[in-house]
Amino acid sequence: MSEVLPALGGVVVERLEGGLFTVRSALPRWLSELRGASVRADTPFVLEDVFPFLGVFLPAAEEVWQRALPGRADSDFWTETDRHGNDVHLEATAIRIDERPLLVVMRNERLFQGAQNVLQRARELRITHDALMSEIEQKDILVHAIVHDLAAPLHSIMGVLSLLSEQPLTTPASEWLRMAVQAADRQRDLITEILDVFVAENAARQSSSASAGVDLAQVLSEVVAERTPVARSRDVSIESELSSGSSHVVAERTRLFRVLTNLVDNALRYSPAGGVVRISVARRGTFVVACVEDQGPGVSAEALPRLFEKLARGPDGGTGLGLFFCRITAESWGGGIGYERSEQDGARFWVQLPGVDENG
């Protein structure tokens, strides 16, 4: 039995009175070949002379040896060199058996290689992470450059169109000017949507800068006030029902305004003349829910599965960015967004956000 442990690559040593150690098993071959080692059976030796690394492990081992109850302490891996220049990877375990303080030193090349593989994998993942962050940074710079290059000439175009609108024009020219202004407005809205999504994606990656205590009902009332002239121009009325209870949520005010404006604009766009857009806010458990309901055609079954995905274009040829922006923004604050058919068979969109107790 005394040959079993050396065959597995281990040796047992016992701490003696006075701090010396002696071997209590057969000597494995690697031990006799260690550079600078001079270990013989039944001959006491200083542990640090043979295994210098274990000098820092001995205090942990002493705690195990001094305890009355069974226990163990394991060292980290360390490496020695034999007389042939080969690395010998070792680990030690301190145990107490029959009141005897023992130290088992094992050669374990397989576990050492496994640990090395884990470290190598961690280095590779770090390199991949750094490369990804660099790519994201380059993408961010590119988006800023593209948006700037799109916005600068658009501002000039809209300025010229504004000057033309002040001039006396023939009927065909006035119509062409109106069409040009509409196209410029759509281009401006597209640039705004691109920036919204860009900001929302960055915020999601950087653990959103949401603050606690934004009043969702108040923000929604500001959106309604701003969009009411648009509703009147389309012969659509807006009815709002804001809860008298708490409507403070975890959110960032500016982006919350953009989310709610997007939902109200969609409702106005699809509402028929003479239609009604109903808006409500209510507290539901720990969440506050805002609903925007219209009397339009609703979302088709074909468009529904990808409704909140990026670049999921609808039948009207929209960019597919607005609802995606709403989704990732709400989710970054711990909330969500959804769609269902309204009682009038139109569209009913809702967004829910974590509520905040103003008194707490």
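Which condition number in (1) at pLDDT below 90; (2) closer than 25 Å to G334 by Cβ; (3) of a type outside the set (G, A, S) is the one that L263 fails? Of the numbered conditions (1) at pLDDT below 90; (2) closer than 25 Å to G334 by Cβ; (3) of a type outside the set (G, A, S), the odd one out for L263 is (1).
Please find, among I136, I127, I95, the residue that is in a helix (DSSP H, G or I) and modelled with pLDDT of 85 or more. It is I127.
Residues that are modelled with pLDDT under 80 and in contact with a Gly (Cβ under 9 Å, 6 or more places away or on another chain) within the range 30-48 comprise just one, R35. Can you pull out the residues in the range 237-256 that are within 24 Å of E340 (Cβ to Cβ) and part of a loop (DSSP other than H, G, I, E, B)? Once the filter is applied, which keeps residues that are within 24 Å of E340 (Cβ to Cβ) and part of a loop (DSSP other than H, G, I, E, B), the range 237-256 yields S243, G245, S247.
Condition check ((1) under 29 Å from the mean Cα position of the chain (by Cα); (2) assigned to a strand (DSSP E or B); (3) among the charged types (D, E, K, R); (4) surrounded by 17 or more Cβ atoms within 10 Å (Cβ to Cβ)) across all residues:
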site: Q218; (1), (2), (3), (4): no, no, no, no
site: S221; (1), (2), (3), (4): no, no, no, no
site: R227; (1), (2), (3), (4): no, no, yes, yes
site: D235; (1), (2), (3), (4): no, no, yes, no
site: R258; (1), (2), (3), (4): yes, no, yes, yes
site: T261; (1), (2), (3), (4): yes, no, no, yes
site: A267; (1), (2), (3), (4): no, no, no, yes
site: P272; (1), (2), (3), (4): no, no, no, no
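In the set P305, P297, only one residue is under 31 Å from the mean Cα position of the chain (by Cα) and either without any contact (Cβ under 8 Å) to a residue 60 or more places away in the chain or not assigned by TED's automatic domain parsing to the domain that holds V236 (or both); that residue is P305. Taking the condition of being outside any loop (DSSP other than H, G, I, E, B), modelled with pLDDT of 80 or more and surrounded by fewer than 18 Cβ atoms within 10 Å (Cβ to Cβ), how many residues in the range 1-29 meet it? The qualifying residues number 3.
The values are calculated or read from the model by the stated rules, or taken from the named source; none is laboratory data. Nothing here was measured: the structure is a model prediction, and the numbers come from that model. No Cβ is skipped: glycine too gets one built from the backbone with ideal geometry, and neighbour counts run over all protein chains shown.
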